[in-house]
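To start, the structure under review is shown below, and the notes come after it.
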Amino acid sequence: MSVGEFFKYGEKVPGYDVRVLNEREARAAAGILFIGAFIGLTNGVMLGSAKFSQYFVTFFMIDFIIRVIQPRYSPSLLLGRLFVRNQKPEYVGAVQKRFAWAIGAIIAIPMFWYLVIDFQPNPLKVLVCLVCMFLLFFESAFSICFGCKLYNLFSKEQSRYCPGGVCELNVKDDVQKFTKAQSIILIITIIASIYGTYAYFTKLPDKTIFTKKMKTLFMSKEERLKLEKEREKEALKKAEEEFDKDDDF
């Protein structure tokens, strides 16, 4: 392969007038990365260990830098290809995917610095991790690429060959529309989901390690200091009670 061919981004496929990528591979890779991010988050929250997250963020950063340069050699995309190699390809424009993956690389580089090189965990980094997981989940589950949508805002040329044909889709079929009954069920489901998530983190008692950790992570420095003082008082009180019991003997 010549140097010029190496830097040609995307694949030339007959019937497409722009270079394209296989969306099925991208979705599979997004699902694989989502699992890695989820394991890292749960390890950090439940076990108090960031070791897996450090390995994952390193892999994530390298993978996205490779995607921006030449996606043919991206480890996660190759893993995705392994799983979907027997499925018919769904081609999408390469240029908007490159833009989206460049955003991912820009997010990954500072995360690598603050989680691996200079370890400084704080609520902001947890929030960035959750945003990354949100983006990966939406691409994997719904084939929605938010970075690709941003591309249309910053580029004079609009995206071509978007996932699901959304760039070209102007009229929806009946199966894509909602009846009144379906709309009511949908609204109730969304409201219940939002309220349930809110209640889980704010109203339910701290009976699980997860809720305790999440509340602690999102506390301010002053709130954490106050919590530590309260814990010290409780520990001191228990020690005094144990001492009094020993005196009784």
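Every number in this text was worked out from the coordinates using simple rules, so none of it is lab data. Since the structure is predicted, the reported quantities are computational estimates derived from the model, not experimental observations. So basically every Cβ, Gly included, is an ideal-geometry build from the backbone, and we count neighbours across all protein chains shown.
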Convert each backbone phi in region 103-119 into a coupling constant with the Karplus relation 6.51 cos²θ - 1.76 cosθ + 1.60 (shift: θ = phi - 60°), then list the ³J(HN,Hα) values in order as whole Hz, x for Gly and Pro.
-> 4, x, 5, 5, 6, 5, 5, x, 4, 4, 5, 7, 9, 10, 6, 10, 5
Calculated on alpha-carbon atoms, Rg and Dmax of region 40-193 in Å = 18.5, 54
Hey, rough spin-label estimate for E230 and L78, points 7 angstrom out along Cα→Cβ, what's it come to in nanometres?
-> 5.1 nm
For Y91, list long-range residues whose amide hydrogen, built 1.01 Å from N in the peptide plane, is under 5 Å from its own amide hydrogen.
-> E23
Note, ³J(HN,Hα) from phi for region 8-23, Karplus 6.51, -1.76, 1.60, rounded to Hz, x at Gly and Pro | 6, 8, x, 10, 8, 10, x, x, 10, 8, 10, 6, 10, 10, 7, 5
Under unit Cβ charges (Lys, Arg +1; Asp, Glu -1), what dipole magnitude, rounded to 20 debye, does region 3-169 have relative to its Cα centre?
-> 180 debye
Place a label point 7 angstrom from the Cα of A102 along the Cα-to-Cβ direction, then list the residues of region 120-155 whose backbone nitrogen is under 19 Å away.
-> 145-155
Work out from phi, with θ = phi - 60° and the Karplus expression 6.51 cos²θ - 1.76 cosθ + 1.60, the ³J(HN,Hα) of each residue of region 177-185, listed in order in whole Hz, and give x for Gly and Pro.
-> 9, 10, 7, 4, 4, 5, 5, 5, 4
Net lengthening on full extension, M46/K221 (0.36 nm per residue, minus Cα-Cα) = 60.9 nm
Given 36-42, 174-180, the highest-first ranking by average Cβ count within 10 Å works out to 36-42, 174-180
When only alpha-carbon atoms count, how far does region 47-129 stretch along each of its three principal axes, as whole angstroms with the largest first?
-> 43, 26, 20
Three principal axis extents, largest first, for the C-alpha atoms of region 105-150, in Å?
-> 34, 17, 15
